[in-house]
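The values are calculated or read from the model by the stated rules, or taken from the named source; none is laboratory data. Because the structure is a prediction, the values reported are computed rather than measured. Here the Cβ is made from the backbone with ideal geometry for all residues, glycine too, and neighbour counts use every protein chain on show.
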Amino acid sequence: MKKIPFILANWKLNGNLLLIKQTLIRLNKERNFLKKLKIAIAPPIIYLSEAQKYIYDNKNIYLAAQNVDAHISGPFTGEISAYMLQEFGIKYVIIGHAERRQFHYEDYKVITKKFLILKQYNLIPVLCIGELYKDYANKEIRNICIKQINPILDVLGIESFKRTIIAYEPIWAIGTGKTPSPEYIQNAHLCIRSYLSQYDDSIAKNVVLQYGGSVNANNVLKILLQSDVDGILLGKSSIHLNEFLSILRIVSNFL
Ligand code: 13P
């Protein structure tokens with residue numbers, strides 16, 4: 001049986017206080033209907049403490065952070081630590097996002113450190129990986145994904161992929177309105193899972209594989225129906241409340 005679909009909303013540098021309140025109020029109102037889904041919202045960090053006021057004993061609505069520092073304290077102006085996120089009841093943390101790799105020059109060493117620190121603080125990493133268009137065109141997906149997983153496997157071992165989410169986000173699909181075909185996405189996810197299963201079959205089966213990149217109300221179901229797609233990482237369509245809710249309803253209705 002497939003896992004409970006996990007839909008994570010990455011707001012990036014968008015949204016405001018009103019939107020976080022409205023989003024969580026609406027999610028709470030519809031929570032009976034949405035209970036077949038696991039949902040997490042990753043607003044900009046400054047909104048997390050406000051958001052927390054609307055997270056009751058819901059078993060399926062969580063908060064996530066878009067980033068964490070690789071250190072736990074010290075002279076790192078502007079950063080947020082895993083300890084602080086844990087203190088605020090945050091459960092999931094996105095790391096390795098293409099935008100952080102590109103605009104903040106985060107390399108595999110920093111991403112591996114962040115992964116480790118999240119594990120130490122019992123937070124669940126959402127590790128983003130994905131290829132450029134030229135690698136997609138050259139059918140390099142397997143090599144690229146493996147290259148992005150290997151630094152963590154090498155340093156922290158396969159055990160570190162327990163309670164971990166891997167989000168496959170082709171860089172060329174992020175924010176462009178373009179997506180690979182559902183079959184291509186399935187194949188990419190299968191590549192990732194089979195690679196991990198060479199190390200540990202049960203960990204590979206249990207790892208949650210999300211797809212991200214231009215997912216909307218029209219394509220979500222086709223993507224989520226693929227057997228190795230366990231969830232979706234939404235960007236743009238999660239900051240328009242009605243579109244976000246319609247995506248959740250479409251998935252929920254289907255289950
Ligand atoms: P879009 O859904 O806007 O393409 O963004 C995807 C993404 O980067 C989520 O992390």
query = In region 211-222, how many are more than 9 Å from the ligand (Cβ to nearest atom) and buried (at least 21 other Cβ atoms within 10 Å of the Cβ)?
reply = 2
task = For residue 160, state whether it is part of a loop (DSSP other than H, G, I, E, B), surrounded by 15 or more Cβ atoms within 10 Å (Cβ to Cβ) and either under 18 Å from the mean Cα position of the chain (by Cα) or within 15 Å of the ligand (Cβ to nearest atom) (or both).
result = no
message = For region 1-50, give me each residue that is polar (S, T, N, Q), outside any helix (DSSP H, G or I) and touching a Phe, Trp or Tyr at 6+ places or on another chain (Cβ under 9 Å).
response = 16
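For (1) modelled with pLDDT under 95; (2) surrounded by 15 or more Cβ atoms within 10 Å (Cβ to Cβ), each residue gets a yes or a no:
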site	(1), (2)
173	no, yes
178	no, no
183	no, no
233	no, yes
252	yes, yes
request  = Determine if region 165-175 includes at least one residue that is in contact with a Leu (Cβ under 9 Å, 6 or more places away or on another chain), among the aliphatic types (A, V, I, L, M), within 16 Å of the ligand (Cβ to nearest atom) and part of a helix (DSSP H, G or I).
outcome  = yes
message = So, residue 12, is that one more than 16 Å from the ligand (Cβ to nearest atom), charged (D, E, K, R) and touching an Asp or Glu at 6+ places or on another chain (Cβ under 9 Å) or not?
response = no
